[in-house]
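Colleague: Right, I'll just put the structure down here and ask away after.
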Amino acid sequence: MKNKKLVMIPGPTPVTRSIQDQMGRDTVAFGDPDFINDFKEVIKSLKEIFKTEGEAFIVAGTGTLAMEMGISNVVKEGDNVLVVSNGFFGDRYVELCERKDLNVDVLSAEWGTTVSASEIEKKLSEKNYKAITVTHVDTSTGVCAPVAEIGEVVKKFEDTILIVDGVCATAAEPEYLDEMEIDVLITGSQKAFGVAPGLAIVLAGPKAIERRKSLGTIRDYYIDFEKWIPIMNDPSKYFATPAVNMIWALQESLRIIKEEGIENRYERHIKVARAMQAALEELGFKILAEKEHRAVTLSNVLYMDGIDDGEFRKVLAEEGAVVAGGLGEYAGKMFRLGHMGNIDTHYLISTISAIERTLRRLGIEDVLGKGVITLTRELIK
Ligand SMILES: Cc1ncc(COP(=O)(O)O)c(C=O)c1O
């Protein structure tokens, strides 16, 4: 019998049955009173969990749309923007900002490391930046940026809006807008929320909302905060059709998060990540990210000599786990393993065991059970 394929890529992540059930419901009119209440509850929950007095926006789209929405509402053509890039998705913000005729400066880190808060402080002191973007976890490197420290720095610069890309972090790495001085948090549904792809989620604090007001009419239409604020404050109003079933799916995801407790969820992600990383190292792999900056949502795993990327991922899929390939210059040299969202111990143990069987099939002896023992020991600590 064929193995079930566990989706262990860094998003979309496995979608639990109760969330799938919401997506499979009969779609109702977006003016349906029950749906309006559900939509209201989702907006309220997002603001409560991620702590902001500002606004929450949920629109049909993906993380990239959320990135665009984040920047478009807080700057205008010709403004200075600082992009902090720890990898592929940081670089995406550079291209996005350049297309909008923003004046972009970039602080880049070597892949596997992160730009420090002090480097950022130095750069921000050089000129007036209207916004700074930081990728919380860059999925290409598995590096987690020190967002809390960066928030402390950015708060010294009154004119600068801090935009955090939480696509691969939100609901797994702590992100509290008001406490961490994050002005805009952009994210998507398909990673640590454990919902299918399809929703762009943006939270904007009071400073960002004020900035949007001061800009007057902006060029962008669908992603304009001002178009959506009336709807997010009263979902019985219409601007563009809400993704009814996806909003229900997010509602169920938020219910699961509240049931677990957001702090417990953060703790669980740390434990799982450290256990998975220890198990992978036990099997002879190296992790790209420096130990002190490793993400909890995924691991970017460097192959040992002699392992072919295509062959490894093909055999691993046959053994029942699907992982993603490396990006940029790491294509062919590493695989990316997601371990975030609503996954339980069965997923973790099955994945490590499938990796062991794969290594064995590729000619590496003496691995069976080693990773599973390390993983289990770490998980029961
Ligand atoms: C950190 C980060 N930002 C942005 C994106 C883009 O999101 P999407 O693919 O949903 O458009 C991704 C996607 O993996 C990501 O990992």
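Colleague: How many residues does region 334-373 contain that are assigned to a helix (DSSP H, G or I), open to solvent by less than 30 Å² (accessible area, probe 1.4 Å) and within 21 Å of Gly142 (Cα to Cα)?
Modeller: 5
Colleague: In region 78-91, which residues are closer than 22 Å to Val153 by Cα, more than 16 Å from the ligand (Cβ to nearest atom) and either not acidic (Asp, Glu) or not in a loop (DSSP other than H, G, I, E, B) (or both)?
Modeller: Asn80, Val81, Leu82
A quick yes/no check of all residues on (1) farther than 23 Å from Leu379 by Cβ; (2) out of contact with any Ser or Thr (no Cβ under 9 Å at 6 or more places or on another chain); (3) modelled with pLDDT of 95 or more:
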| site | (1), (2), (3) |
| --- | --- |
| Ala273 | no, no, yes |
| Glu282 | no, no, yes |
| Lys286 | no, yes, yes |
| Ala289 | no, no, yes |
| Val296 | no, yes, yes |
| Asp308 | yes, yes, yes |
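Colleague: Failed condition for Ile58, given (1) open to solvent by less than 80 Å² (accessible area, probe 1.4 Å); (2) within 30 Å of Arg313 (Cβ to Cβ); (3) among the aliphatic types (A, V, I, L, M), with all others met?
Modeller: Exception for Ile58: condition (2).
Colleague: Return the pair list, or none, for Cβ contacts closer than 7 Å from residues in region 181-197 that are assigned to a strand (DSSP E or B) to residues that are more than 8 Å from the ligand (Cβ to nearest atom) and of a type in the set (Ser, Thr, Tyr), at least 6 apart or on different chains.
Modeller: Note: pairs meeting the criteria are Leu185/Thr170; Thr187/Thr170.
Colleague: Shifting gears a bit: Looking at region 116-130, is at least one residue within 16 Å of the ligand (Cβ to nearest atom) and either aliphatic (A, V, I, L, M) or not in a loop (DSSP other than H, G, I, E, B) (or both)?
Modeller: no
Colleague: Please go through region 20-77 and pick out each residue that is in a helix (DSSP H, G or I) and within 16 Å of the ligand (Cβ to nearest atom).
Modeller: Gly63, Thr64, Leu65, Ala66, Met67, Glu68, Met69, Gly70, Ile71, Ser72
Colleague: Considering Ala117, Ala145, which residue is touching a residue at least 24 places away in the same chain (Cβ under 8 Å) and either over 18 Å from the mean Cα position of the chain (by Cα) or open to solvent by 50 Å² or more (accessible area, probe 1.4 Å) (or both)?
Modeller: Numbers: Ala145 fails: either over 18 Å from the mean Cα position of the chain (by Cα) or open to solvent by 50 Å² or more (accessible area, probe 1.4 Å) (or both).
Just one listed residue meets the conditions, Ala117.
Colleague: Identify all residues within region 159-210 that are charged (D, E, K, R), open to solvent by 10 Å² or more (accessible area, probe 1.4 Å) and within 14 Å of the ligand (Cβ to nearest atom); write none if there are none.
Modeller: Glu173, Lys191 - these are the residues of region 159-210 that are charged (D, E, K, R), open to solvent by 10 Å² or more (accessible area, probe 1.4 Å) and within 14 Å of the ligand (Cβ to nearest atom).
Colleague: Of the conditions (1) open to solvent by 10 Å² or more (accessible area, probe 1.4 Å); (2) small (Gly, Ala, Ser); (3) closer than 13 Å to Gly341 by Cβ, Ala240 clears all except one; give me its number.
Modeller: (3)
Colleague: Kindly evaluate Glu95 against the criterion of being within 14 Å of the ligand (Cβ to nearest atom), over 18 Å from the mean Cα position of the chain (by Cα) and open to solvent by 50 Å² or more (accessible area, probe 1.4 Å). Walk me through how you get there before you give the answer.
Modeller: Numbers: within 14 Å of the ligand (Cβ to nearest atom): yes; over 18 Å from the mean Cα position of the chain (by Cα): yes; open to solvent by 50 Å² or more (accessible area, probe 1.4 Å): yes.
It is true that Glu95 is within 14 Å of the ligand (Cβ to nearest atom), over 18 Å from the mean Cα position of the chain (by Cα) and open to solvent by 50 Å² or more (accessible area, probe 1.4 Å).
Colleague: State all residues of region 29-52 that are closer than 15 Å to Tyr238 by Cα and either in contact with a Pro (Cβ under 7 Å, 6 or more places away or on another chain) or surrounded by fewer than 16 Cβ atoms within 10 Å (Cβ to Cβ) (or both); if no residue qualifies, say none.
Modeller: Once the filter is applied, which keeps residues that are closer than 15 Å to Tyr238 by Cα and either in contact with a Pro (Cβ under 7 Å, 6 or more places away or on another chain) or surrounded by fewer than 16 Cβ atoms within 10 Å (Cβ to Cβ) (or both), region 29-52 yields Ala29, Phe30, Gly31, Asp32, Pro33, Ile36, Asn37, Phe39, Lys40.
Colleague: While we're on this one: Kindly evaluate Thr141 against the criterion of being within 16 Å of the ligand (Cβ to nearest atom), in a loop (DSSP other than H, G, I, E, B) and assigned by TED's automatic domain parsing to the domain that holds Asn80.
Modeller: Considered against the rule, which asks whether it is within 16 Å of the ligand (Cβ to nearest atom), in a loop (DSSP other than H, G, I, E, B) and assigned by TED's automatic domain parsing to the domain that holds Asn80, Thr141 comes out as yes.
Colleague: Could you tell me whether Tyr266 is in a loop (DSSP other than H, G, I, E, B), away from the ligand (no atom under 16 Å from the Cβ) and either on the phi < 0 side of the Ramachandran plot or at pLDDT below 95 (or both)? Explain how you work it out, then say what you get.
Modeller: Working: in a loop (DSSP other than H, G, I, E, B): no; away from the ligand (no atom under 16 Å from the Cβ): yes; either on the phi < 0 side of the Ramachandran plot or at pLDDT below 95 (or both): yes.
No, not satisfied.
Colleague: Could you give me the residue pairs with C-beta distances under 8 Å whose first residue belongs to region 86-100 and is touching a residue at least 60 places away in the same chain (Cβ under 8 Å), whose second residue is in a helix (DSSP H, G or I) and surrounded by fewer than 18 Cβ atoms within 10 Å (Cβ to Cβ) wherever it lies, and which are 6+ apart or on separate chains?
Modeller: Between residues of region 86-100 that are touching a residue at least 60 places away in the same chain (Cβ under 8 Å) and residues that are in a helix (DSSP H, G or I) and surrounded by fewer than 18 Cβ atoms within 10 Å (Cβ to Cβ), the close pairs are Gly87/Gly328; Phe88/Gly328.
The values are calculated or read from the model by the stated rules, or taken from the named source; none is laboratory data. Remember, it's a predicted structure, so these values are computed and weren't measured experimentally. Positions of Cβ are generated from backbone atoms using ideal geometry, with glycine treated the same way; all protein chains shown enter the neighbour counts. Note: areas computed on protein heavy atoms with side chains; ligands, DNA, RNA excluded. Shrake-Rupley method; radii C 1.70, N 1.55, O 1.52, S 1.80 Å.
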